[in-house]
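Trainee: What follows is a structure written as structure tokens; I'll ask about it next.
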Amino acid sequence: MEIASKQLISKVKEGSIVSPQGYSAAGLHTKVKRKRNDLGVLYSEVPAEAAAVYTLNQIIAAPLLATKESIAKEGKIQAVVINSGNANACMGKQGYLDAETMKKSVSERFSIQDHFVAVASTGVIGEKMPMDKIISGIQKLTPAKTTQAAYDFNESILTTDTCMKSTCYEAYIDGQKITMGGSAKGSGMIAPNMATMLGFITTDANIPHQHLQTALRDVTNETFNRITVDGDTSTNDMVLVMANGLAENNPLSPAHEEWETFTQLLKQVCEDLAIMIAKDGEGATKLIEVTVNGAISSDDAGKCAKTVVGSDLVKTMVYGSDPNWGRLMMAIGRSGITLDPHAIDIEIGPYSLLKNSEPTHYNEEQLSQYLNNEKVEIIINLNIGNGSGKAWGCDLTYDYVRINASYRT
């Protein structure tokens, strides 16, 4: 069923967050940051069914609280305002008032109700929001449905990111073309459940809020929650999906015969964005993809994969192109899953390192050369079940320390 669904999904060449029907975007520079855009808006012609997942950090930034309150009213969002350069986190009552002021300013700017506005912020924690610049910037935001507008929006949400992260796919449901676009930011403080990570997804699919929330929660567990850069979880993480229904398909639910097509469409968009974030980890030079097969369950497989890809010793092993597979076994063993320590197979790329937990013969020089690639694949088979899962991360380099040692300066 999953394979059949994937065959119905195709990538939209040069597609973006504004490709689905009824969406427009804008971004501009308010001088909160020294350079490049730092304020953006995503807008739907009509109120869209909304779903969101948030950080599991117990310290939650004010914009997330404001967004939760908006969605709780009717389950709908029509505009999302995002600023970068300042997280509006840990600022007490003033932080919440500032987030609410942003909501009100956007509602007035676009003549929509306050609770149809979501707010997101990213940047330095513990600094007062420069609200004069933010409010002035909101009044100048003019959303458009153009490639340049999407670019301006994508740039406006970045912090230490070295590149913009965007993707778009389409599929047919009930004979109607469903388009889904996504944009994200994230580079450091990445250990989702979730991370200094913001993700925004638009679709013209017709799907009620509660079913959209179910789909997002399930897909997030297999995508955004399977990436890690440095093991830290931010105060500002959020992934928000808007579905405005303009494709006019029959309302989607788990009982719909093409529900699997929709969830696979959402998974493909989220997986693309998650991998882009992992690849763009602060100071990273290599993307690491860990696949675990043969686990007791898919949950165990995912947990093991994320433990391996998140290990500092594994990350430095990959950075140094040193095939020290003992670090992989160490990470597998401390993952807390069910396993047979005598039945593990490990491969790095095309090279088999262990079979039934016994070392194999391989050319270490060739394996070291493979580890110089921009993408390194590690495949682990636990050989005790049918569960499988993937996780993504990056190598740990000297530049990670340099970037974070001078983040505020």
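Trainee: For region 1-155, with equal point scatterers placed on the C-alpha atoms only and solvent neglected, what are the log10 I(q)/I(0) values from the Debye formula at q = 0.09, 0.16 1/Å, to two decimals?
Mentor: So the normalised log intensities work out to -0.30, -0.89.
Trainee: Given 35/185; 13/73; 35/390; 11/133; 306/355, which pairs have Cα atoms separated by over 28 Å?
Mentor: On the way: 35/185 17 Å; 13/73 36 Å; 35/390 36 Å; 11/133 38 Å; 306/355 21 Å.
The answer is 13/73; 35/390; 11/133.
Trainee: So how far apart, in nm, are the two label points at residue 65 and residue 111 if each is 7 Å from Cα heading toward Cβ?
Mentor: 3.3
Trainee: Between residue 257 and residue 10, what FRET efficiency comes out of the Förster formula 1/(1 + (r/R0)^6) with R0 = 25 Å and r the beta carbon distance, rounded to 0.05? All intermediate terms of the calculation are to be shown ahead of the outcome.
Mentor: Values: r = 20 Å, r/R0 = 0.80.
The pair residue 10/residue 257 has a calculated efficiency of 0.80.
Trainee: Compute the distance in nm between two label points, each set 7 Å from the Cα along the Cα-to-Cβ direction, one at residue 298 and one at residue 285.
Mentor: About 3.6 nm, to one decimal.
Trainee: Would you mind getting me the FRET efficiency between residue 377 and residue 177? Use the beta-carbon distance for r and R0 = 35 Å, nearest 0.05. Could the numbers behind the result be given before it?
Mentor: Values: r = 34 Å, r/R0 = 0.96.
It comes to 0.55.
Trainee: Pull out a ≥ b ≥ c, the square roots of the eigenvalues of the alpha-carbon gyration tensor of region 243-329, then state rounded if a/c is under 1.5, prolate if not and a/b is larger than b/c, and oblate in the remaining case. Mind dumping the intermediate values first?
Mentor: Details: a/c = 4.72, a/b = 2.02, b/c = 2.33.
Cα axes put region 243-329 in the oblate bin.
Trainee: Once you have the Cα-Cα distance between residue 384 and residue 131, take 0.36 nm times their residue separation minus that, and quote the gain in nm to one decimal.
Mentor: Numbers: separation 253, 0.36 × 253 = 91.08 nm, distance 5.64 nm.
Once the chain is fully extended between residue 384 and residue 131, it gains 85.4 nm.
Trainee: Where the only charges are on Cβ atoms (+1 Lys, Arg; -1 Asp, Glu), what is the dipole of the chain about its Cα centre, to the nearest 20 debye?
Mentor: Working: 37 positive and 47 negative charges, 274 e Å.
Here the size comes out at about 1320 debye.
Trainee: In whole Å, what three semi-axes, largest first, describe the equivalent ellipsoid of region 328-403 built from its Cα gyration tensor (square root of 5 times each eigenvalue)? Could you put the intermediate results ahead of the total?
Mentor: Details: eigenvalues 116, 64, 25 Å².
Each semi-axis is √(5λ); the values are 24, 18, 11 Å.
Trainee: At residue 146 and residue 35, where each label point lies 7 Å from the Cα along Cα→Cβ, what is the point-to-point distance in nanometres?
Mentor: So the two model labels end up 2.4 nm from each other.
Trainee: Within region 53-200, what percent of beta bridges assigned by DSSP are antiparallel, to the nearest 5?
Mentor: Bridges in region 53-200 that DSSP calls antiparallel: roughly 65 percent.
Trainee: For residue 322 and residue 124 in one chain, what is 0.36 nm times their gap in residues minus the Cα-Cα distance, to one decimal in nm? Spell out each step's value before the answer.
Mentor: Working: separation 198, 0.36 × 198 = 71.28 nm, distance 3.52 nm.
Length difference between fully extended and current span is 67.8 nm.
Trainee: Another question, if that's okay. Using every Cα-Cα pair within the chain, state what percent have a distance larger than 31 Å.
Mentor: Numbers: 32424 of 83436 pairs.
Tail fraction, whole percent: 39.
Trainee: Further, regarding this structure: Rounded, prolate or oblate, given the Cα gyration tensor of region 64-121, with a/c below 1.5 counting as rounded? Intermediate values should be presented prior to the final figure.
Mentor: Details: a/c = 1.87, a/b = 1.51, b/c = 1.24.
Judged from the Cα gyration tensor, region 64-121 comes out prolate (a/c at least 1.5, a/b above b/c).
Trainee: I'd like the carbon and sulfur percentage of the solvent accessible area for region 36-90, probe radius 1.4 Å, heavy atoms only, ligands and nucleic acids excluded.
Mentor: Working: 920 of 1790 Å².
That fraction is 51 percent.
Trainee: Rounded to the nearest whole Å², what accessible area per residue is found for region 268-409 with the 1.4 Å probe?
Mentor: Working: 6520 Å² over 142 residues.
That works out to 46 Å² per residue.
Trainee: Something else about it: Could you tell me what percent of the accessible area of region 287-409 is made up of carbon and sulfur, with a 1.4 Å probe and every protein chain present?
Mentor: Values: 2770 of 6020 Å².
Within region 287-409, the accessible surface is 46 percent carbon and sulfur.
Trainee: Stokes-Einstein at 20 °C, 1.002 mPa s, Kirkwood radius from Cα pairs: D for region 282-364 in µm² s⁻¹?
Mentor: 161
Trainee: Oh, and also: Could you compute the net charge surrounding residue 130? Neighbours are other residues with a C-beta less than 11 Å from the C-beta of residue 130; K and R count +1, D and E count -1.
Mentor: Spelling it out: positives minus negatives among the neighbours equals 0.
Trainee: Relative contact order for the chain: what percent, with Cα pairs under 8 Å and sequence separation of 6 or more?
Mentor: On the way: 1070 pairs, mean separation 72.9, N = 409.
The value is 18 percent.
Trainee: Follow-up. Could you check how much of the accessible area of region 128-172 is carbon and sulfur, as a whole percent, using a 1.4 Å probe?
Mentor: 55
The values are calculated or read from the model by the stated rules, or taken from the named source; none is laboratory data. Since this is a predicted model, take the numbers as computed values, not measurements. Note that each Cβ is placed from the backbone with ideal geometry, even for glycine, and that neighbours are counted across all protein chains shown. Keep in mind that these areas ignore ligands, DNA and RNA; they rest on the heavy atoms of the full protein, side chains included. Shrake-Rupley method; radii C 1.70, N 1.55, O 1.52, S 1.80 Å.
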